[in-house]
Amino acid sequence: MSKSKFLSIDSLSFQSIEEEADLIPLMTPEDEEEINRQELPETLPILPLRNTVLFPGVVIPITAGRDKSIKLIKDANNGSKLIGVVSQKDESIEDPSPKDINTLGTVAQILRVLKMPDGNTTVIIQGKKRFEVAEVLTEEPYLTATVREVEETRPEKDNEEFAAIIESIKDLALEIIKESPNIPSEASFAIKNIESNSFLVNFVSSNMSLSVAEKQEILGISDLKERALTTLKHMNTEYQKLELKQDIQSKVRSDMDQQQREYFLHQQMKTIQEELGGVSNEQDFEEMRKRAKKKKWDAKVKEHFTKELAKMQRMNPQVAEYSIQRNYLDLFLDLPWNEFSKDQFDLKRAQKILDRDHYGLEDVKRRIIEYLAVIKLRNDMKSPILCLYGPPGVGKTSLGKSVAEALGREYVRISLGGLRDEAEIRGHRKTYIGAMPGRIVQSLKKAGTSNPVFVLDEIDKLSSSHQGDPSSAMLEVLDPEQNTEFYDNFLEMGYDLSKVMFIATANSLGTIQPALRDRMEIINVTGYTIEEKVEIAKQHLLPKQITEHGLTKKDIKLGKKQLEKIVEGYTRESGVRGLEKQIAKMVRYAAKNIAMEEEYDIKISDEVVEEVLGPPRLERDKYENNDVAGVVTGLAWTSVGGDILFIESILSKGKGNLSITGNLGKVMKESATIAMEYIKANASQLGINPDVFDKYNVHIHVPEGATPKDGPSAGITMLTSLVSLFTQKKVKKSLAMTGEITLRGKVLPVGGIKEKILAAKRARIKEILLCADNKKDVEEIKPDYLKGLTFHYVNDMSQVLDLALTNEKVKNAKTL
């Protein structure tokens with residue numbers, strides 16, 4: 001089968017595929033019936049074709065070069081667009097006479113006439129029905145003749161033999177298209193979409209590699225079944241020729257010896273590279289092979305590297321892919337495959353390093369020592385994945401560095417804050433220009449060992465975008481069951497991360513994906529007490545700042561009292577980052593005086609602290625709640641540690657409306673509503689006149705409105721504030737509280753107890769009121785943190801009010 005005329009129209013440069021499709025309709029049975037009903041005109045202009053035969057239904061392009069043909073096409077296109085198409089008996093005759101043409105032909109309709117750049121006219125025609133020339137009328141300016149229709153005999157619809165012939169034609173046509181390299185695969189779609197049996201036979205006959213005489217013979221067969229059988233015979237012959245041709249080609253193809261072939265190709269490539277670049281890279285390849293012999297690779301990795309090196313040798317050094325392949329192989333050679341540093345399991349030494357670098361944090365250090373002890377006993381144990389969780393500035397990142405020093409491992413840290421591209425973790429595919437491995441693999445290359453201490457900083461601040469979800473990519477990194485074969489897109493190989501000791505840090509667990517959080521061991525790193533901050537400043541922060549500012553210990557002395565003043569008056573945080581900034585200001589004060597050769601007192605006094613840092617900004621009156629009804633101190637947890645907050649309530653004449661302000665969240669507003677409804681329901685037990693609720697509006701406010709606040713832990717604080725307001729009773733001095741309430745009158749436990757207790761101690765609170773279920777949280781806290789504090793544990797709201805309110809009325813108490 002030759003290249004399909006159905007598809008050869010592509011060469012006519014139509015403007016769009018849609019336009020081309022319009023010009024090549026597939027003949028349907030309905031179209032055939034319509035054509036058969038149409039009557040032929042008595043006379044037709046006759047167009048002789050030299051090298052082809054037109055079949056009914058088939059669309060073909062023809063090029064008209066003869067003057068007669070051009071004149072005929074022009075006249076027909078302006079008229080009925082119908083012409084009679086016949087084939088020449090001898091294609092070499094330039095000007096055929098009536099005796100030089102076949103009398104049997106096909107009526108054709110002109111679909112489109114195109115003027116080609118070379119001056120010829122190309123016309124697209126579609127065959128309609130067969131005809132026979134009865135009598136030639138004229139020869140000038142072109143042939144015209146009277147014609148008569150040639151009837152076609154068709155088998156009955158349920159003729160099984162004919163149906164089998166048609167199916168055979170379709171199947172064999174598809175096989176020929178599949179096996180022949182010259183026929184585009186799109187031709188198979190044309191065959192499959194033909195519905196008309198007659199059109200299928202005509203279409204296949206038109207496109208077979210037959211002579212004009214053979215095609216004319218097929219056209220002349222009036223019995224459709226016989227014509228289909230003849231077509232099938234010719235197709236079988238063509239298919240056998242095609243198979244024979246392929247067999248001959250495969251037999252004569254000589255198989256060159258593999259080593260000779262590779263040597264020949266390498267020599268050719270070497271010559272081409274020298275011609276193009278002037279330099280052969282064989283020396284670089286040899287150096288890579290030497291480095292590869294020293295690597296501790298397993299067989300799979302070694303085989304992959306050898307294959308990729310051979311691929312690089314075949315590349316032209318001038319193309320962009322060459323540099324990517326070079327970087328890829330360099331990464332393979334630089335990665336520490338199966339190279340491990342020897343762990344130092346001297347746990348006493350490790351304890352000393354942790355104590356040296358971090359004051360306090362006893363629970364955290366004990367937990368780390370426990371992990372190191374287990375690794376020492378089980379040398380083959382997969383490294384644990386720790387997550388140090390706590391507010392900023394408490395030393396989470398530096399703990400990882402201390403662990404690395406204690407173990408004698410390399411230390412690697414990557415910051416994940418704001419990372420939103422999954423490729424940063426898994427790497428880019430090599431197909432991209434500028435492709436790189438992920439940061440995990442890059443960091444291992446930098447570390448030089450496969451078992452470093454790897455700190456993943458700010459894991460809670462991973463974000464997602466249209467470029468993927470990095471937190472989901474981290475699941476494989478941080479799963480001990482999966483990370484033995486961590487797949488990097490650039491590396492295209494699994495890399496063993498099971499010996500890496502991952503330590504993640506986070507300020508908040510709420511933003512960490514639950515599946516990711518489940519893979520980590522959470523260690524809570526809470527804030528410091530005032531005493532601990534003073535010791536940290538004395539042992540670590542002050543010496544560090546003195547060194548960084550080019551001073552010595554003799555140039556400035558900050559006493560314990562002054563450090564405590566800085567902690568209390570200028571910082572209110574769980575960590576020590578803000579404290580370090582304030583100490584840096586004091587050290588710069590000394591540095592400025594030394595540089596300007598001015599006299600100053602080396603021993604810093606309270607007055608100098610206030611002169612340098614300004615008046616204390618964070619000293620609040622913590623006891624204002626004792627003299628004003630409706631003001632109560634609550635305890636809150638924030639992302640930077642614990643804090644105290646005031647709940648204020650006030651009455652005004654009105655109709656019993658409740659207003660809540662202070663940038664509060666939905667849960668906190670619901671707590672206020674619950675407290676108000678509980679008071680209304682239990683007014684008689686609380687000694688409150690129920691008429692008050694209809695005569696006064698209640699307004700609840702939480703100061704510092706610019707700070708968003710939410711959560712259920714202010715429930716008992718709001719209840720106490722409202723009861724104090726309605727009864728005009730004083731609230732106990734130096735008392736703070738936290739707990740959730742219910743409409744049944746129950747007090748529920750809340751979280752963040754340690755941070756809240758530290759905040760209370762910083763604010764010099766002496767009594768704390770908690771839910772009884774939170775007692776276990778208090779017992780886990782180091783006793784030193786609890787000195788000077790008294791705890792009251794409650795189960796219901798009546799206990800809260802009995803402990804929080806005194807029987808003493810506030811000054812200028814309102815009569816309600």
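Could we say that Thr727 is buried (at least 18 other Cβ atoms within 10 Å of the Cβ) and at pLDDT 90 or above here? It is false that Thr727 is buried (at least 18 other Cβ atoms within 10 Å of the Cβ) and at pLDDT 90 or above. When Pro141 is tested against (1) modelled with pLDDT under 85; (2) over 23 Å from Leu219 (Cβ atoms), exactly one condition is not met: (1). Among the numbered conditions (1) modelled with pLDDT of 85 or more; (2) surrounded by fewer than 17 Cβ atoms within 10 Å (Cβ to Cβ), the only one that Val403 does not meet is (2). Taking the numbered list (1) surrounded by fewer than 17 Cβ atoms within 10 Å (Cβ to Cβ); (2) farther than 30 Å from Asp363 by Cβ in turn, Lys776 passes all entries but (2). Annotation: Val567 fulfils all but one of (1) farther than 26 Å from Gly752 by Cβ; (2) free of Cβ contacts under 8 Å to residues at least 40 places away in the same chain; (3) not basic (Lys, Arg); the unmet one is (1).
This table checks each residue for (1) over 41 Å from the mean Cα position of the chain (by Cα); (2) closer than 20 Å to Ile644 by Cβ.
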| position | (1), (2) |
| --- | --- |
| Pro690 | yes, no |
| Lys695 | yes, no |
| Thr707 | no, yes |
| Leu725 | yes, yes |
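With a requirement of 1 or more residues that are over 22 Å from Val455 (Cα atoms) and in contact with a helix residue (DSSP H, G or I) (Cβ under 8 Å, 6 or more places away or on another chain), the helices (runs of 4 or more DSSP H) lying completely within region 486-574 that satisfy it span 530-536, 542-548, 560-570. On the given criteria, is Arg413 at pLDDT 80 or above and part of a helix (DSSP H, G or I)? Judged against the criteria, Arg413 is not a match.
Exactly one residue out of Thr547, Thr552, Thr526 is surrounded by 15 or more Cβ atoms within 10 Å (Cβ to Cβ) and under 30 Å from Ile353 (Cβ atoms): that is Thr526. Set side by side, the residues Ile93, Ile110, Ile101 differ, and just one is free of Cβ contacts under 8 Å to residues at least 12 places away in the same chain, outside the structural domain of Val201 (by the TED database) and among the aliphatic types (A, V, I, L, M), which is Ile93.
Within the set Val576, Val587, the sole residue that is closer than 30 Å to Trp637 by Cα and among the hydrophobic types (A, V, I, L, M, F, W, C) turns out to be Val576.
To keep it simple, each residue is scored yes or no on (1) in contact with a helix residue (DSSP H, G or I) (Cβ under 7 Å, 6 or more places away or on another chain); (2) under 30 Å from Glu30 (Cα atoms).
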{"site": "Asp67", "(1), (2)": "no, no"}
{"site": "Lys71", "(1), (2)": "no, no"}
{"site": "Asn78", "(1), (2)": "no, yes"}
{"site": "Ser87", "(1), (2)": "yes, yes"}
{"site": "Asp90", "(1), (2)": "yes, no"}
{"site": "Glu94", "(1), (2)": "no, no"}
{"site": "Ser97", "(1), (2)": "no, no"}
{"site": "Asp100", "(1), (2)": "no, no"}
{"site": "Gly127", "(1), (2)": "no, yes"}
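For Ser211, the conditions (1) surrounded by fewer than 14 Cβ atoms within 10 Å (Cβ to Cβ); (2) within 60 Å of the chain's Cα centre (by Cα); (3) over 26 Å from Glu39 (Cα atoms); (4) not hydrophobic (A, V, I, L, M, F, W, C) are fulfilled apart from (2). For region 448-467, state whether one or more residues are exposed (fewer than 15 other Cβ atoms within 10 Å of the Cβ), at pLDDT 85 or above, under 28 Å from Gly395 (Cβ atoms) and not aliphatic (A, V, I, L, M). Yes, there is a match, as at least one residue in region 448-467 is exposed (fewer than 15 other Cβ atoms within 10 Å of the Cβ), at pLDDT 85 or above, under 28 Å from Gly395 (Cβ atoms) and not aliphatic (A, V, I, L, M). All of Glu19, Glu34 fail the test of being modelled with pLDDT of 70 or more and exposed (fewer than 15 other Cβ atoms within 10 Å of the Cβ), apart from Glu34.
I need every pair where a residue in region 668-694 that is at positive phi has its Cβ under 8 Å from the Cβ of a residue that is assigned to a helix (DSSP H, G or I) and surrounded by 14 or more Cβ atoms within 10 Å (Cβ to Cβ), sequence separation at least 6 or different chains. Once the first residue is at positive phi and sits in region 668-694, its partners that are assigned to a helix (DSSP H, G or I) and surrounded by 14 or more Cβ atoms within 10 Å (Cβ to Cβ) give Gly687/Thr727. I'd like to check something: does region 534-555 contain any residue that is under 30 Å from Asp460 (Cα atoms) and basic (Lys, Arg)? Yes, region 534-555 contains at least one residue that is under 30 Å from Asp460 (Cα atoms) and basic (Lys, Arg). Inside region 754-781, residues that are in a loop (DSSP other than H, G, I, E, B) and either in contact with a Ser or Thr (Cβ under 9 Å, 6 or more places away or on another chain) or in the same structural domain as Glu573 (by the TED database) (or both) make up a count of 5. Using beta carbons and a limit of 6 Å, which pairs, at least six apart or on different chains, have the first residue in region 352-371 and over 11 Å from Ala406 (Cα atoms) and the second one of a type in the set (A, V, I, L, M) and part of a helix (DSSP H, G or I)? Pairs that qualify, where the first residue is over 11 Å from Ala406 (Cα atoms) and the partner is of a type in the set (A, V, I, L, M) and part of a helix (DSSP H, G or I), are Tyr359/Ile536; Lys365/Leu354.
Small (Gly, Ala, Ser), surrounded by 12 or more Cβ atoms within 10 Å (Cβ to Cβ), under 30 Å from Lys396 (Cα atoms) and modelled with pLDDT under 85: does that describe Gly575? Yes; evaluated as a whole, the condition is true for this residue. Starting from region 502-519, take each residue that is not assigned by the TED database to the domain that holds Gly393 and aliphatic (A, V, I, L, M) and list its partners that are modelled with pLDDT of 90 or more and not in a loop (DSSP other than H, G, I, E, B), counting only C-beta distances under 8 angstrom and pairs at least six apart or across chains. Pairs found: none. The single condition among (1) surrounded by fewer than 20 Cβ atoms within 10 Å (Cβ to Cβ); (2) at pLDDT 85 or above that Met737 does not meet is (1).
Here Leu743 clears all of (1) closer than 21 Å to Glu677 by Cα; (2) surrounded by 14 or more Cβ atoms within 10 Å (Cβ to Cβ) except the condition numbered (2). When Asn236, Asn202 are checked against the criterion of being surrounded by fewer than 18 Cβ atoms within 10 Å (Cβ to Cβ) and touching a residue at least 40 places away in the same chain (Cβ under 8 Å), Asn236 stands alone in meeting it. Restricting attention to region 727-746, does a residue exist that is in a helix (DSSP H, G or I) and out of contact with any Ser or Thr (no Cβ under 8 Å at 6 or more places or on another chain)? Yes, there is a match, as at least one residue in region 727-746 is in a helix (DSSP H, G or I) and out of contact with any Ser or Thr (no Cβ under 8 Å at 6 or more places or on another chain). Just so you know, in region 781-816 the residues that are in contact (Cβ under 8 Å) with a residue 24 or more places away in the chain and among the acidic types (Asp, Glu) include one that is nearest to Gly634 (Cα to Cα), and it is Asp796.
The values are calculated or read from the model by the stated rules, or taken from the named source; none is laboratory data. For clarity, every value in this text was computed on a predicted model and none was experimentally measured. Note: ideal-geometry Cβ built from the backbone for every residue, glycine included; neighbour counts use all protein chains shown.
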